Every structure is written in C-alpha cells, then in structure tokens.
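The structure appears right after this line, and notes come after that.
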Amino acid sequence: MEQSDFRKYVVPVVGGITLNVTASYLYDALKPATTGATWYPIIFLATIILFNLGYSVLLIRYIRHLEMQNFIKRTECHHSFAHNARNLAVKLMARKPIPPSSKEGEDPISLTGDSHYLFKEDMVLLLESVSNMFEHLVPKGTKVWACIRERRSDDHYHTWARTSRCNTTRQEFSEPLHKDSNTIANLKKSYKEKRDCVLITGSRTVDWHKMINDEFSEDLSVLMGAVLCKSWTGRAFDDPKLLWIICVNADRENVFTRECIPLMKACNDAFSWILNTFVRYDAAKNNWPSAPKGPATDLTA
C-alpha cells in the first residue's frame, strides 16, 4: 500500500479506536456518580453499540467512496489507452469508403458492409464480456445484457447482435430506431455538444423512444455508446459517422451512473476499432470508392 493510500485509510481506523477509548474513560469517569444504578452499565453499553454501528456504516460508505474514486481513475486510464490505440489504428488505415446503398425495392443493407455478419458469434462473445464487466457495477440480482444496433440504408438502426441473457422473444418483436428518433438524437447531441459518446437513459425516461420490447422491462436502465467510423486526413480525423450503437441494458432503474461512463467509453473505442476494420475490409473486397473529406463534427449518417 502506498503512503498516500495508507493516510486515506488510517483516518477512519484511528477514529474508531478513539471513539472506543474515549468511551472507556467516560465510563470510568461517570461511574462514581451512578453508584448503585443498575441501569447505568446497560444504557451506556447500548449507547456505545449504537455509536459503533453508526460509525461502521459511515466507515463502509467512506471506503466504498474511496474504492469508487479509484475505480474511476483506473477506467479513465483504460479509456485513454483504448482511445489512443483506436486512433493509431485508424491513422494506419486507408480512407473509409462511400457507404453502400440498397436498390429500390430491396431490403435495407448495412452501411458497414456484410462481412461482420460472418463473425456474429465473436461479436456476441465481446458483448457477453461487456455485460460481465457492468454486472459488477450494479446491485446483485440485476440482469445485465448488451446488444449492437447498426445503421442501414433505410435511415434506421437495427439490432443485429445481442447477448443470451435477455428474453429470446425480443428478436421476434425487435424494432429499428430511426436516426432522428429522440433516443438517437440525444446520443448525437451528447457527442456534438459535450464530446461525450455515452448516454445514460432507460425505457421509462421521457426522452426514450417507446418500443414493443419495452414491455419485458429489461431495459429500465441503458448505457448507449456511440461507435464511430472516421478517417485520418494526415492532420485530423474527419467525417465521423455513427454506424453502430452499443447498448448495455439492465432490468432495474437508475443502476447506471456517471461513474460507469469511462468504462463504457473504453468499450466504445474497442468496438470502434473493430467497426473501422470491417468497413475497410468490405471496401477492399468490393472495390468501393473512398469517401470525400467531410466536416469533423458531421454525424448525419
């Protein structure tokens, strides 16, 4: 334990010892004045027990606060590492292509391409890992699951991969989210105005776009992460497009807090690395032309 950490924990420990030592001296000092009073030891002992219980509760809350602060610092470092690694990878990639488009009368197609469908099992494994990480940050017994929505040529985000922890019936009634729906608009707004690619929401919040699957009450708390595809101009990143959205869902309200955001950002960057790789892979496979340079804050995809 470092010296700075020792100082953090020594204060509450010394406080508890001081409380009990003071109580013993107080007991001896008041004992002559209560000679013969049988109630005195009982009441004094009960008072000390109550004080110790109260102090223990405060001590636990204080230690948990310190642990959460340390957790936030660590996950901020994880996010910084993942962010810089993703950026370096994108800098080494060719410019991203013009997104594919579907022909009239055909089903909408993914703007990512189609190669990622061949690796759906791998993507589900990654989502399971994300669920496991956030499961440790919510109250015990909370069901946590994750999914990915992808942008398709019909201006909607469709769910194409989800973990096994959710109700399997969700797949039958899954509805796409339009790019201008309240939920997506708020996620974009968070990125554009705050440079914050994570939105904390839920199916019972006022800005949530209501859907049939909300009836399962499995998305009462949701962390939505913007996964961007972009290009490197040699001087800066430009033309960021919101092609994937990662959702971490829980069946209990208000379980995700601001403390969860750095970890979610790290997950976003990892998936962004994968997304940018898939986009370039399909571009090379299908010989798609490169997209022209675009504004750095454009998220209209």
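The values are calculated or read from the model by the stated rules, or taken from the named source; none is laboratory data. As the structure is a computational prediction, the values presented were derived from the model and not from experiment. Don't worry about glycine lacking a Cβ; one is built from the backbone with ideal geometry, like all the others, and counts go over all protein chains shown.
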**OP:** Please work out which residue is modelled with the lowest pLDDT, limiting yourself to the range 248-267 and to residues that are surrounded by fewer than 22 Cβ atoms within 10 Å (Cβ to Cβ) and in a loop (DSSP other than H, G, I, E, B).
**Re:** Thr257
**OP:** Report yes if some residue within the range 54-65 is under 28 Å from Cys197 (Cβ atoms) and modelled with pLDDT of 70 or more; otherwise report no.
**Re:** yes
Original post:
Which of the residues that make up the range 97-140 are of a type in the set (A, V, I, L, M) and closer than 29 Å to Cys260 by Cβ?
Top reply: Leu111, Met123, Val124, Leu125, Leu126, Leu127, Val130, Met133, Leu137, Val138
**OP:** Go over the candidates Ala284, Ala270 one by one and state the one that is modelled with pLDDT of 95 or more, in a helix (DSSP H, G or I) and of a type in the set (Gly, Ala, Ser).
**Re:** Ala270
**OP:** For Arg149, work out the one condition from (1) in contact with a Cys (Cβ under 9 Å, 6 or more places away or on another chain); (2) more than 17 Å from Met264 (Cβ to Cβ) it doesn't fulfil.
**Re:** (2)
**OP:** State yes or no: is Thr168 assigned to a loop (DSSP other than H, G, I, E, B), among the β-branched types (Val, Ile, Thr) and exposed (fewer than 13 other Cβ atoms within 10 Å of the Cβ)?
**Re:** yes
Original post:
For the range 83-96, what are the residues that are within 19 Å of Trp244 (Cβ to Cβ) and in contact with a Lys or Arg (Cβ under 8 Å, 6 or more places away or on another chain)?
Top reply: His83, Val90, Met93, Lys96
Subject >> Phe81 being in a helix (DSSP H, G or I), aromatic (Phe, Trp, Tyr) and touching a strand residue (DSSP E or B) at 6+ places or on another chain (Cβ under 6 Å) >> reply: no
Original post:
Yes or no: Ser102 of a type outside the set (Lys, Arg), surrounded by 12 or more Cβ atoms within 10 Å (Cβ to Cβ), under 19 Å from Glu150 (Cα atoms) and touching a Lys or Arg at 6+ places or on another chain (Cβ under 7 Å)?
Top reply: no
Subject >> Filter result (part of a loop (DSSP other than H, G, I, E, B) and touching a residue at least 60 places away in the same chain (Cβ under 8 Å)) within the range 171-190 >> reply: Lys179
Original post:
Restricting the first residue to the range 114-135 and requiring it to be assigned by TED's automatic domain parsing to the domain that holds Ser101 and surrounded by fewer than 15 Cβ atoms within 10 Å (Cβ to Cβ), which pairs with a second residue that is of a type in the set (Lys, Arg) and assigned to a helix (DSSP H, G or I) meet a Cβ separation below 6 Å and a spacing of at least six or different chains?
Top reply: none
Original post:
Which members of the range 184-202 meet the condition of being touching an Asp or Glu at 6+ places or on another chain (Cβ under 7 Å) and either farther than 25 Å from Pro108 by Cβ or modelled with pLDDT of 95 or more (or both)?
Top reply: Ser190, Thr201, Gly202
Subject >> the range 107-157: number of residues that are under 20 Å from the mean Cα position of the chain (by Cα) and over 14 Å from Leu275 (Cβ atoms) >> reply: 22
**OP:** Mind telling me which of the residues Asn52, Asn70, Asn87 ends up being in contact with a strand residue (DSSP E or B) (Cβ under 9 Å, 6 or more places away or on another chain), surrounded by 12 or more Cβ atoms within 10 Å (Cβ to Cβ), assigned to a helix (DSSP H, G or I) and not assigned by TED's automatic domain parsing to the domain that holds Val227?
**Re:** Asn87
